[in-house]
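A short write-up of the structure that comes next.
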Amino acid sequence: MTHIIIFSILALAIFIITFLKLIKENNSNYVFALVPEFIGILIDFICIFMSINPSTFTYIIMYILSVIIPIIGFILEKNNINLLEIYRLINVNLYINKNQNDLAKQTLLKGIEKHPNSYLLHKKLAEWYEKNNEKEKAEYEYIKIIELKPKNLENYIKLANIYKENEKYELAIKILQDVLKQKPEYIEASKLLGNILYDNNMFKEAVIVYQEALKYHPGEYMLYYYMGMTYTRLNDFQNAKEYYKKAATINSISDIAKLNLGQISLIFKDYDEAEQYFMKCIETEDELLQAEAYYYLAKIKLINKQTDLAIKYANISLELNPKMIKIMEKDVYFATIIGKLKLQEDRKIKTKVNEKEKNLIKYLDNTYDVVEKLTENEEIKKEINIDKERDI
């Protein structure tokens, strides 16, 4: 009997609180809590009136209806989560799964019209705009959800990424710097900030960001790889080489780092080391990287006067990526064998290499050509000086 009294007092108190909230705030959402509460209290009243001792199962049902459900409702309310909002979000997800994007958008807009400060609805709408390439509108929505929940740093990262896509780089840099002041170990902020600085040719600034991030994440492969890329663009190939090595050590399947290491070894004219890296790189399943590796192997064989092997490697490179013929035609080393190569029909190749990495491969190749020309010029100057001395 004591249990029934305790439950009755608790259930009645929660019911009164919910009812007063309904009247005070004029919010129909409280009806969703009042109905199950009333049913639970009704069961309790029947048990008392008929002097029935409720079973354990009945107690569980009564507590769920009259205590647990309203408490969950209060928790959702405290976190600005509305049951009707959740219902709308469920419908939105159903529309999206059925590719009914217009209906999904309309449902979100109608929901925000009724609940203008709904964090969940604004966030879903921001994601919808982002997915559907309405970047300016996505930007506005992310600003709105940051206003609603300013302590959620993840939303700042998403806004910074939208700024980046909208080419508002200064705003993106500022917002990420602010995030890192609050949470310097936030690796996603460091990576995004470093990449934006890199893309805007602010290589020295990017190095500082990556170095700071490495203090908190010394085992993060991508940070070492980004450092290698950035030092490459600074023409600091010695440091670039060290960071690529660390990246390749942490991630043994990092074939792009091995290719870059091979290219840098070529710049330093360490052909044996370069060949070792390129031989490791051809084991990858990425056809673009394989084609690049075979191309460089062919170049090394031409430098070493091993023409037959050079032709073999060059043809494999063309089988993997027929477009490599354009690079070979511009390469003076290939002039002697270009007529012996088997041209291939163009085809789509399997690769996961992104545009930034492709540009870096090209940059290193161009750097090698520049170094080669400088070396040739120095040798020519030496020969001229020797001739002059002889004449004297």
Query raised in the report: Quick one: what pairs do we get from segment 101-116, first residue over 24 Å from residue 149 (Cα atoms), second outside any loop (DSSP other than H, G, I, E, B), C-beta under 8 Å, 6+ apart or different chains?
Result: 101/95; 101/128; 103/95
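So that you can scan it fast, the table gives a plain yes or no per residue for (1) touching a residue at least 24 places away in the same chain (Cβ under 8 Å); (2) in contact with a helix residue (DSSP H, G or I) (Cβ under 6 Å, 6 or more places away or on another chain):
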{"residue": "255", "(1), (2)": "yes, yes"}
{"residue": "260", "(1), (2)": "yes, yes"}
{"residue": "277", "(1), (2)": "no, yes"}
{"residue": "284", "(1), (2)": "yes, yes"}
{"residue": "312", "(1), (2)": "no, no"}
{"residue": "331", "(1), (2)": "yes, no"}
{"residue": "349", "(1), (2)": "yes, yes"}
{"residue": "352", "(1), (2)": "yes, no"}
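Take residue 238 and decide whether it is modelled with pLDDT under 95, assigned to a helix (DSSP H, G or I) and over 17 Å from the mean Cα position of the chain (by Cα). Please lay out each step first, then the result.
Details: modelled with pLDDT under 95: yes; assigned to a helix (DSSP H, G or I): yes; over 17 Å from the mean Cα position of the chain (by Cα): yes.
Yes; evaluated as a whole, the condition is true for this residue.
Looking only at segment 89-105, count how many residues are assigned to a helix (DSSP H, G or I), surrounded by fewer than 12 Cβ atoms within 10 Å (Cβ to Cβ) and either touching a helix residue (DSSP H, G or I) at 6+ places or on another chain (Cβ under 6 Å) or not aliphatic (A, V, I, L, M) (or both).
Initial filter on segment 89-105 (assigned to a helix (DSSP H, G or I)): 89-97, 101-105.
Going one step further and asking which of them are surrounded by fewer than 12 Cβ atoms within 10 Å (Cβ to Cβ), we end up with 90, 97, 102.
Subset that is either touching a helix residue (DSSP H, G or I) at 6+ places or on another chain (Cβ under 6 Å) or not aliphatic (A, V, I, L, M) (or both): 97, 102.
Residues meeting the conditions: 2.
Surrounded by 15 or more Cβ atoms within 10 Å (Cβ to Cβ), free of Cβ contacts under 8 Å to residues at least 24 places away in the same chain, part of a helix (DSSP H, G or I) and among the hydroxyl-bearing types (Ser, Thr, Tyr): which single residue out of 243, 231 fits that description?
Working: 231 fails: free of Cβ contacts under 8 Å to residues at least 24 places away in the same chain.
The conditions single out 243.
Restricting attention to segment 289-304, and to residues there that are touching a residue at least 24 places away in the same chain (Cβ under 8 Å) and farther than 26 Å from residue 236 by Cβ, which single residue is surrounded by the most Cβ atoms within 10 Å (Cβ to Cβ)?
As a first pass, look at segment 289-304 and keep what is touching a residue at least 24 places away in the same chain (Cβ under 8 Å): 289-296, 298-300, 302-304.
Of the ones still in play, those that are also farther than 26 Å from residue 236 by Cβ are 290-291, 294, 298, 302, 304.
Values: 290: 25, 291: 23, 294: 24, 298: 30, 302: 22, 304: 13.
Checked segment 289-304; the qualifying residue surrounded by the most Cβ atoms within 10 Å (Cβ to Cβ) is 298.
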Report summary line: From the option list 123, 110, single residue qualifying as closer than 30 Å to residue 70 by Cα, in a helix (DSSP H, G or I), under 21 Å from the mean Cα position of the chain (by Cα) and not polar (S, T, N, Q) is 123
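For segment 197-223, how many residues are of a type in the set (Ser, Thr, Tyr) and at pLDDT below 95? Lay out the reasoning, then the answer.
Pass one, segment 197-223, residues of a type in the set (Ser, Thr, Tyr): 198, 210, 216, 221.
If we keep only those that are at pLDDT below 95 as well, we get 221.
Of the residues in segment 197-223, 1 are of a type in the set (Ser, Thr, Tyr) and at pLDDT below 95.
The values are calculated or read from the model by the stated rules, or taken from the named source; none is laboratory data. Note that the coordinates shown come from a computational prediction; the quantities given were computed from them, not determined experimentally. Note that we place each Cβ from the backbone using ideal geometry, even for glycine, and neighbour counts take in every protein chain shown.
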